[in-house]
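See structure below.
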Amino acid sequence: MYDFDKIIDREGTNAYKLDLREKNFGTKDVIPLWVADMDFEAPPLVQKAIQERAAHEIYGYTIRKDTFVQSIVDWVQYKHNWGIEKNWIEYSPGVVPALVMSVLAFSQPGDGIIIQPPIYPPFYSVVSGNDRKVVENPLVEMEGKFHINFQQLEELASKPENTMLMFCSPHNPTGRVWSEEELMKVNAICLKNNVLVLSDEIHADLALFGNQHIPFATLNDQAAHNCLTFMAPSKTFNIAGFSTSYVVGANPELMAAYRKKQNALHLHMGHIFSGVALESAYNHGKEWLKELIAYIEENILFVEQFIKAEIPGVTFFRPEATYLIWMNFKEWGMSQKELKHFMIHEAGVGLNDGLSFGEQGNGFLRMNVASPRSILEKALMKIAQARK
Ligand SMILES: Cc1ncc(COP(=O)(O)O)c(C=O)c1O
């Protein structure tokens, strides 16, 4: 039994979630439930492996052995029932950097890249920051649940200038796990229109409530040929600080072009802890993850019940994956500015601004529930109190 109720003081550790409170919220005085990492300790065997390596006094250049790719092969088979070959895998220093390298490798300046907002904010900056054009196919909300607008996707994909779909699966922030039917439709549209799929599956291991994530590349051979998949142990095991992720591609031409770009940018090396962290998590983290998922599910149900009873006018779709809740505050009738001011200065709770996920996030805030339940309870009570 792992103890996810344990409160761990993160002050003084240069934690983004804590040490950027002042900058992001204008005050340190908020309970931080924003940035997507967890307030839980990493699996004990990961800690041990890192500590053992750190105890050796030389920190020179490092390599990743065959055991690195083998642990990925084994994990992806175990967790997603996806049989991948070792040479389909390439290390990368982060999913976002890998998306950037793919954009550079597979599109030209000025090309349109389709994204489906509300969406994890770097999907915008990865595109526009590299002089490509953001092409939005907003998700459609029906009774709180978010769906892909296939008709519009088809229209956008059919334009020759739109060459790529940056796909988030499971989807952050809405928590959707796309069904096989939905994925097949996306696949058919992209194949028909020669649109390459970059499938960001960083949240794949965190499918909840019996939902099963389906890797895009497993749909069929054509899908596998027309996509790159981006995965990582970072969200799953709370080890994002190790900047370790990987790209999987069954199409050797795509992988060669990806590797060429990553090598040209000299981002292929990685640091001394990258292999240690990934291998120890994947080889020894199964039980820990099962308990984590159960805890997160209970947290989500707890938040749901609390809000229903104590904070009227707030609604959300119960996430099918991720520890992130996309909360709709529209019934409160506040502007986004007023809503943020209320949450920060009256309630004292630090959530992500919905608008950072695109204009579709107006009226929304995102809550990270990967914290001990007592902290969530405290935050929710503060919101309820401030609202009275
Ligand atoms: C959809 C998605 N992709 C990528 C990332 C971050 O990836 P990395 O830290 O490996 O760059 C996140 C983090 O929240 C995310 O939600």
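For region 259-266, putting each phi into the Karplus relation 6.51 cos²θ - 1.76 cosθ + 1.60 with θ = phi - 60° gives couplings of 4, 4, 5, 5, 5, 4, 7, 6 Hz, in residue order, rounded to whole numbers and with x for Gly and Pro. In this structure the amide hydrogen of S107, modeled in the peptide plane, comes within under 5 Å of no amide hydrogen from residues 5 or more places off or on another chain.
Using a cutoff of 8 angstrom between alpha carbon atoms and counting only pairs six or more residues apart, the relative contact order for the chain works out to 23 percent.
Rounded to the nearest 0.05, what FRET efficiency is calculated for H271 and A294 with R0 set to 25 Å and r the Cβ-Cβ distance?
Once rounded, the FRET efficiency stands at 0.20.
Accessible surface of region 58-284, 1.4 Å probe: 53 percent of it comes from carbon and sulfur atoms. With the simple spin-label model, which puts each label point 7 Å out from Cα in the Cβ direction, the E338 to N14 separation comes to 4.2 nm. Sequentially through region 122-127, phi angles give Karplus couplings (6.51, -1.76, 1.60; θ = phi - 60°) of x, 4, 6, 6, 4, 7 Hz, Gly and Pro residues having no value and appearing as x.
From the alpha carbon centroid of region 278-294 to that of region 123-191 is 30 Å.
Shown for region 105-247: lysine pairs separated by 8 or more places, or found on different chains, whose C-alpha atoms are under 28 Å apart, numbering 10. Under a Gaussian network description of the chain, with springs only between Cα atoms under 10 Å, the residue in H266, H80, H341 that fluctuates furthest is H266.
Annotation: per residue accessible area for the chain equals 44 Å², rounded to a whole number [probe 1.4 Å, protein chains only]. In order along region 141-156, phi translates into HN-Hα couplings of 9, 10, 6, x, 9, 9, 10, 7, 8, 5, 4, 5, 4, 4, 4, 5 Hz, rounded to whole numbers, per the Karplus curve 6.51 cos²θ - 1.76 cosθ + 1.60 with θ = phi - 60° and x for Gly and Pro. Label sites at E377 and D29, each approximated as a point 7 angstrom past Cα along Cα to Cβ, lie 2.5 nm apart.
Distance between the modelled labels on N362 and M184, one decimal in nanometres: 3.8 nm (7 Å Cα→Cβ projection).
Rounded, prolate or oblate for the chain? Axes are the square roots of the Cα gyration tensor eigenvalues, ordered a ≥ b ≥ c, and the cut-off for rounded is a/c under 1.5. Oblate, since a/c reaches 1.5 and b/c is not below a/b.
Relative to the current alpha-carbon distance between I58 and T315, full extension at 0.36 nm per residue lengthens the span by 87.3 nm. Looking at region 49-151, the trypsin sites (Lys or Arg not before Pro) that sit in a DSSP loop and have at most 13 other Cβ atoms within 10 Å of their own Cβ are K65. What residue among M142, M269, M367 shows peak mean-square fluctuation when the chain is described by a Gaussian network model with Cα springs under 10 Å? Answer for the Gaussian network model of the chain: M142.
Hey, in the GNM for the chain with a 10 angstrom Cα cutoff, which one of I50, I114, I325 fluctuates hardest? Looking only at I50, I114, I325, the biggest GNM fluctuation is shown by I50. The charge dipole of the chain, taken about the Cα centre with unit charges on the Cβ atoms of Lys, Arg (+1) and Asp, Glu (-1), comes to about 460 debye, rounded to the nearest 20. Peptides 241-248, 345-352, 298-305 ordered by packing proxy, namely the average of other Cβ atoms within 10 Å per residue, highest first: 241-248, 345-352, 298-305.
The values are calculated or read from the model by the stated rules, or taken from the named source; none is laboratory data. The model shown is predicted, which means the values in this text are computed figures rather than measured ones. Using ideal geometry, Cβ is built from the backbone for each residue, glycine included, and neighbour counts are taken over all protein chains shown. The protein model used for the area step is the full one, side chains on, heavy atoms only, and it has no ligands, DNA or RNA in it. Shrake-Rupley method; radii C 1.70, N 1.55, O 1.52, S 1.80 Å.
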